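Structure first, commentary second.
Read-outs throughout are calculated quantities, based only on the coordinates presented, and are distinct from any laboratory measurement. All values derive from a computational prediction rather than experimental measurement. Cβ sites come from the backbone with ideal geometry, for glycine too, and all protein chains shown count toward neighbours.
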Amino acid sequence: MRIQDQLGRTIELKETPVRIISLVPSQTELLVDLGLEKFIVGITHYCVHPTYLKQIKISVGGTKKVNLRKVKELQPDIILCNKEENTKEMVEDLEKIAPVHVSDVANIEDAYRLMKDYGSIFKCEELASTIVKSIQKKAQKLKEIVVNSTEKRVAYFIWNKPLMVAGTGTFIDEMLSLNKFKNVFSAERYPQANLEELKDLDIEICLLSSEPFPFKEEHKFQFQNVSKEAKIVDGEYFSWYGSRLLEAMDYFKQFHS
């Protein structure tokens, strides 16, 4: 079987993969929701959904560095990676062990395509299609709510010391647009920021993500002179592009009540 990943690379598979290593948390959760849990043999330390998975599956490392010996011992039929989450060097090393599928998700259409691709690769097309249609239906309902909302200028923070934000071309930026949030950072994907610069950007809301840096209530004071409001948000709903989007569409409604 010949397939293409989201980087346009052609991958050869002898048959439907039954031993899967997933090195991306959101994609691991998607696999479970596609009914493929029993075929997952390896995950990362950060694959936290479903919560019990780390107790029954072998961790091969993080998203930036894995134990290649462990990966090899698990004899995977396929390894699932992501252009942003994993490194090019990692992918090159993993390709010496098994076929590697690399996702590249910058918008919601890319997310839908990935789900359908997994449906095709793992022979669960009907369930993948059902998940996509369910997300699309919820997204449409959200759009109907958002259309009456006033656009707000926001900055979405992903890291502290140094301050880093999500900019243009990211999936987070796509989710901001879906919610009628105008991202004040549009020149780079993940630029650094400083408090003095922020004061001049006319920011209405500073969105402080729960991941990768775990912003908490006590961090809000840093932004009191920067914007009208600082709000802690669940980063998984803004950055996880798998089946978690089903919950994300409901989560986003709170911003428009």
For the chain, the convex hull over Cα atoms projects on average to an area in nm² of 14.0
In region 87-159, lysine pairs 8 or more places apart or on different chains with C-alpha atoms under 27 Å apart total 18
With axes computed from alpha carbons, what is the tilt in degrees of helix 125-146 against the longest principal axis of the chain, rounded to the nearest 10 within 0 to 90? 0
Among 112, 156, 46, residue whose mean-square fluctuation peaks in a GNM of the chain (springs only between Cα atoms under 10 Å): 46
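Enumerate by residue number the trypsin sites (Lys or Arg not before Pro) in region 86-191 meeting two conditions: DSSP loop (anything except H, G, I, E, B), and at most 16 other Cβ atoms within 10 Å of the site's Cβ.
On the way: sites: 88, 96, 113, 116, 123, 133, 137, 138, 141, 143, 152, 153, 180, 182, 189; in loops: 96, 123, 180, 189.
Loop-located and lightly packed - 96, 123, 189.
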Relative to the chain, whose Cα atoms define the longest principal axis, helix 108-121 and its Cα axis are tilted in degrees, nearest 10, by 10
If you keep only loop residues by DSSP, which GluC sites (Glu not before Pro) in region 1-94 have at most 12 other Cβ atoms within 10 Å of their Cβ? 15
Computed Rg/Rh of region 152-256, alpha carbon atoms with Kirkwood Rh: 0.93
Bins of 5 Å, beginning at zero and ending with the bin holding the largest distance: percent of Cα pairs per bin for region 42-101, please. 4, 19, 31, 27, 14, 5, 0
Highest-fluctuation residue, 63, 170, 16 considered, GNM on the chain with Cα pairs under 10 Å: 16
Please build a GNM for the chain, connecting alpha carbons under 10 Å apart, and tell me which residue among 140, 224, 55 fluctuates the most. 55
Run through region 157-257 and list the GluC sites (Glu not before Pro) located in a DSSP loop whose Cβ has at most 13 other Cβ atoms within 10 Å. 188
Straight-line reach check, residue 54, cutoff 15 Å on alpha carbons, 8 or more apart in-chain or any other chain, hits among aspartates and glutamates -> 29, 37
Starting from the Cα of residue 70, draw a straight line to each of the aspartates and glutamates and keep only those under 18 Å, dropping any in the same chain fewer than 8 residues away. 89, 92, 93, 95
